[in-house]
Amino acid sequence: MDNTELLMGQEDYWAGYQASIDKLKNDPNVVEFDKLCFHVFGLSEEGKALLEYFKTNVLMASIPAKLDGNYDKACIYYEGYREAFRQLIHGTKNYQIRKEAEDKKKIQKAAEGENN
């Protein structure tokens, strides 16, 4: 350990990422997007079926091998295409996780209130 590290301490590289995650987690635009995804894909049986369709037929589908020499560009295109579907899936899951966490907090507060 050198003198600089003793004086300044070890740098926490994760702190910047964590601050960014915490900021995004409560961004109203992100929460609204997640909420819309959840209401469209997470509540109805048709929405859940469509989400499963995305997973099996869009995300898991292979990239066509015969693309006339533009395979590298097609890979980038298809990966970007798939990312849009991943965003819908993650938005749906994120809102569901948020609602479950909020419900647990409500239950915990209610239980603490009864014990006092």
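Cβ-Cβ below 8 Å, separation at least six or inter-chain, first residue in the stretch 48-60 and within 14 Å of PHE38 (Cα to Cα), second surrounded by fewer than 12 Cβ atoms within 10 Å (Cβ to Cβ) and aliphatic (A, V, I, L, M): which pairs?
none
With GLU32, GLU45 as the choices, which residue is more than 20 Å from the chain's Cα centre (by Cα) and under 25 Å from ALA101 (Cβ atoms)?
Working: GLU32 fails: more than 20 Å from the chain's Cα centre (by Cα).
Going through GLU32, GLU45 in turn, just one is more than 20 Å from the chain's Cα centre (by Cα) and under 25 Å from ALA101 (Cβ atoms): GLU45.
Which one of the conditions (1) modelled with pLDDT of 90 or more; (2) under 13 Å from the mean Cα position of the chain (by Cα) does LYS25 fail to meet, given that it meets all the rest?
(1)
Of the numbered conditions (1) modelled with pLDDT of 95 or more; (2) loosely packed, with under 12 Cβ neighbours inside 10 Å, LYS48 fails exactly one; give the number of that condition.
Condition not satisfied by LYS48: (2).
Hey, could you check the stretch 1-22 for residues that are modelled with pLDDT of 70 or more and of a type in the set (Asp, Glu) and say which is farthest from LEU88 (Cα to Cα)? Please lay out each step first, then the result.
Step one: of the stretch 1-22, the residues modelled with pLDDT of 70 or more are 10-22.
Still in the list and also of a type in the set (Asp, Glu): 11-12, 22.
Working: GLU11: 36, ASP12: 32, ASP22: 20 Å.
Restricting to residues being modelled with pLDDT of 70 or more and of a type in the set (Asp, Glu), the top hit is GLU11.
The values are calculated or read from the model by the stated rules, or taken from the named source; none is laboratory data. Source: prediction; values computed, not measured. Because the Cβ atoms are built from the backbone with ideal geometry, glycine has one as well, and the counts that use them run over all protein chains shown.
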